[in-house]
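Before any comments, here is the structure.
Quick note: the coordinates plus some simple rules give every number you see, no bench work behind them. Quick caveat: nothing in here was measured; it's all calculated off a predicted structure. All Cβ positions, glycine included, derive from the backbone under ideal geometry; neighbour counts span all protein chains shown.
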There are 2 protein chains.
Amino acid sequence: MSEGATTPKPPYYCVIFTSRRKPGIEDDYGAASARMMELGTKMPGFLGIESARSAEGFGITVSYWESEEAIKNWRTHAEHLIVQKKGRDHFYEWYESRVGRIERAVSFKSAK
Amino acid sequence: MSEGATTPKPPYYCVIFTSRRKPGIEDDYGAASARMMELGTKMPGFLGIESARSAEGFGITVSYWESEEAIKNWRTHAEHLIVQKKGRDHFYEWYESRVGRIERAVSFKSAK
């Protein structure tokens, strides 16, 4: 979760989820997040996930997928739908979710 | 920087930059980052930027652009090229930069 995702040669798809969490929901959010991670990463077509959150509660999570169909299947997964509603009702001040197609990628690793 | 970007109706383009910073480079990195923010956000076709970094040095920055041409112009900007090299030589243990086309977006704002 705190490292980069290893993804195949493009093209593939991404969901960029940016959000600000409400204060005081850490435990409840942590449990829901862990369960969604457990389920989502096992979905067909899942390629990887990267997530970073600042101390102020602003976070970015990017998940990578083989196809738009795979994204749709996860978005409409029954248990995920319940947690999405919980997110709107309890967890998030706001969020934005953007779906895109990755066209190219470059990576770098330091020699030292 | 610590808030979400307000972007137009898709399609538009994104650069997802995920990285792990080396320890002990905070001041140098901070100055370079501030300068790149100053320059990059004034480039033609720049739409917005979002950034989050965890305490462990793993970060995600997503910038949004009107076109692939706008991304190319920023990538090849003379001063940006110098800082990109500095990033490889000094700042980053690793990074991955992915360019994509945003096809759709949904946003949510809590009523309370």
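Observations, loosely collected:
- Other-copy label distances relative to B:Gly40, 7 angstrom Cα-Cβ extension, nm: 2.3
- Relative contact order, whole percent, for segment A:12-102 stands at 52, derived from Cα pairs under 8 Å and 6 or more residues apart.
- The ranking of B:Trp74, A:Trp94, B:Trp65 from fewest to most other beta carbons within 10 Å of each one's beta carbon is A:Trp94, B:Trp74, B:Trp65.
- Fluctuation leader among B:Ala55, B:Ala31, B:Ala78 - chain B, Gaussian network, Cα springs under 10 angstrom: B:Ala55
- The fraction of all Cα pairs in segment B:21-102 landing in successive 10 Å bins from 0 to the largest distance is 16, 51, 30, 3, given as whole percents.
- Per-residue HN-Hα couplings for segment A:45-57 [Karplus 6.51, -1.76, 1.60; θ = phi - 60°; Hz; x = Gly/Pro]: x, 5, 10, x, 8, 9, 8, 9, 9, 7, 4, 7, x
- Under Karplus coefficients 6.51, -1.76 and 1.60, residue-wise ³J(HN,Hα) of segment A:5-16 in Hz, glycine/proline x: 8, 8, 10, x, 4, x, x, 8, 10, 9, 10, 9
- Between amide H atoms placed 1.01 Å from N, distances below 5 Å from B:Thr7 occur with no residue 5 or more places distant or on a separate chain.
- Each residue in A:Thr7, B:Thr76 was given a count of other beta-carbon atoms within 10 angstrom of its own, and listing them fewest first yields B:Thr76, A:Thr7.
- When B:Val99, B:Val106 are sorted by how many other C-beta atoms sit within 10 angstrom of their C-beta, beginning with the fewest, the order is B:Val106, B:Val99.
- Using the Cβ-Cβ distance between A:Glu3 and B:Lys42 with R0 = 30 Å, the FRET efficiency computed as 1/(1 + (r/R0)^6) comes to roughly 0.40.
- Coupling constants for segment A:101-108 follow from the phi torsions by the Karplus curve (6.51 cos²θ - 1.76 cosθ + 1.60, θ = phi - 60°), and in residue order they are 10, 6, 9, 7, 8, 10, 10, 9 Hz; glycine and proline get x.
- A point 7 Å from Cα along Cα→Cβ stands in for B:Val83, and the other copies hold the same point at 3.6 nm, listed in rising order.
- Copies compared at A:Trp94 - label distances in nm, ascending, label defined 7 Å from Cα in the Cβ direction: 3.4
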